[in-house]
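Structure first, then comments.
FYI, it's all coordinate maths here, none of it is from the lab. All values derive from a computational prediction rather than experimental measurement. Cβ placement follows ideal geometry from the backbone for every residue including glycine, while neighbour counts extend to all protein chains displayed.
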């Protein structure tokens, strides 16, 4: 297969996955929410909301077609990589623009009663601690240990290599050191994430939140372990190439990358089908009980995407649009985590750029 | 499942709303002695309120003998005291008299007050269900 065919295939898969997710998300959203805005449990069933959802579907299909056309046109003009990047940029920026357009349209529908509901919050008094946190802590310990060991092994091995760039050898162990413990840390934070409960639902809403949160925690823990395994094997293969023990990475590493991706995507589809956003599909019978706990408070959400509440000690809260959890940007610990991750990521990018600029490769 | 609910739009402070509900649940038997409660961080996170708000409610309830706060074991419901000191009892009776006086001043007659008080006391002795969830 030529490079152009592979690149076009990647772009097509990306458009189908991202565009498909955008199409599905409004269908699995917790009742009361409409494109990141809380409009109340009854309003989401009315005609105005239905019309918005219909227009969203058409907008998503047009966006998918547009990003594919632009990407493939540039690719066929002889620049496949530029086509891939442009198509992806059109998809992501267009998706964001589409979302924001519908978010502001939904905000116009918010009735005054929704603001009153936002003042209420409910919490379970019984039920024990968070589930899945044991596996997440185990993943954090193991991933950190293995990633540090791989990093040290790469440094030590560099001395024994013939003519290899230091950056090329250290890049993947550095990625491992950053990403696999980060995923495990996300799993630990998810295990203790804020639950947005429907008060007066007879406990079913809490059960749904607990089940969803535990499933997301386990997925992130397993992802941390798989990513750590993948990057560790990749690091060792790169070192072996450097020592001239093998000639190439081999097919096995790409098969493993495919398995990690398939595991993630498969589980995400399972969660979407089985739970919905925050367990929305499990609490369908309780939808008449209004949503509470910050998720219903439009004033605490910027564009329906960023939750900011300095008083709330929660580090992670349920996302309003999308599946899973997001950070409380009013929390100091959350901001420290974001800052640390950004600094380390930028450091890695700088390392890669520096290596390329000095001709290391 | 027992649920604690707060409403920030009320004039009643949040820590008092929390304390009132826990008191009622303990008194009705819905929360039995020894039952563990969520940690300050967990409850504050779930409700989306400041840590100090829940800590204040828990300290208040500990002072009143409803909860026991242990460093490692967390917060558990306290067993009822076997006997009450004279001064503590007199203080509580004074509070009850003050509340009765306010109710009378608010316009409630004796024949309205007595059945309500009887129902509340009986609910504490046998009915653990009425405060459940909500």
What order do you get for A:196-206, A:23-33, A:259-269 when each peptide is scored by the mean count of other beta carbon atoms within 10 Å, highest first? A:196-206, A:23-33, A:259-269
Proxy reagent accessibility, fewest Cβ within 10 Å first, across B:77, A:61, A:110: A:61, A:110, B:77
Rounding to the nearest 10 and keeping the result within 0 to 90°, find how far the Cα-based axis of helix A:166-191 lies from the longest principal axis of chain A. 20 degrees
In degrees, nearest ten, helix A:204-242 long axis to first principal axis of chain A (Cα): 10 degrees
Relative contact order of chain B: what whole-number percent is it, with Cα pairs under 8 angstrom and at least 6 residues apart? 36 percent
Please report A:101, B:86, B:12 as a ranked list, fewest other C-beta atoms within 10 angstrom at the top and most at the bottom. B:86, B:12, A:101
If you take each beta carbon of peptide A:307-313 and count the beta carbons of other chains within 10 angstrom, what is the mean? 5
Just tell me how shielded B:58-66 is by partners: mean number of partner chain Cβ atoms within 10 Å of each residue's Cβ, no decimals. 0
Taking 0.36 nm per residue of separation between residue A:104 and residue A:299 and subtracting their Cα-Cα distance, the length gained on full extension comes to 68.9 nm
First measure r as the distance between the Cβ atoms of residue A:267 and residue A:145, then evaluate 1/(1 + (r/R0)^6) with R0 = 25 Å and state the FRET efficiency to the nearest 0.05. 0.50
Listed peptides B:18-29, B:113-124, B:39-50, A:184-195 by packing density, highest first (mean Cβ within 10 Å): A:184-195, B:39-50, B:18-29, B:113-124
Given the -39500 (n - 2.57) contribution per DSSP H run of 4+ residues, what per-residue ellipticity at 222 nm results for the protein assembly as shown, rounded to the nearest 500 deg cm²/dmol? -21500 deg cm²/dmol
Using the alpha-carbon atoms, what tilt in degrees (0 to 90, nearest 10) does helix A:133-158 show relative to the longest principal axis of chain A? 20 degrees
If I model a spin label at residue A:2 and residue A:339 as a point 7 Å from the Cα along the Cα→Cβ vector, what separation in nanometres do I get? 5.1 nm
With Cα springs under 10 Å, the Gaussian network model of chain A assigns the largest mean-square fluctuation among A:92, A:22, A:125 to A:125
By count of other Cβ within 10 Å, fewest leading, how are A:297, B:94 ordered? B:94, A:297
So what is the relative contact order of chain A, in percent, for Cα pairs below 8 Å that sit 6 or more residues apart? 22 percent
Roughly how many nanometres apart are two label points built 7 Å out from the Cα toward the Cβ at residue B:89 and residue B:125? 1.8 nm
Inter-chain Cβ neighbour average for residues A:290-299, partner chain, 10 Å: 2
Label-point gap, in nm, between residue A:351 and residue B:7 - each point 7 angstrom along Cα→Cβ: 5.6 nm
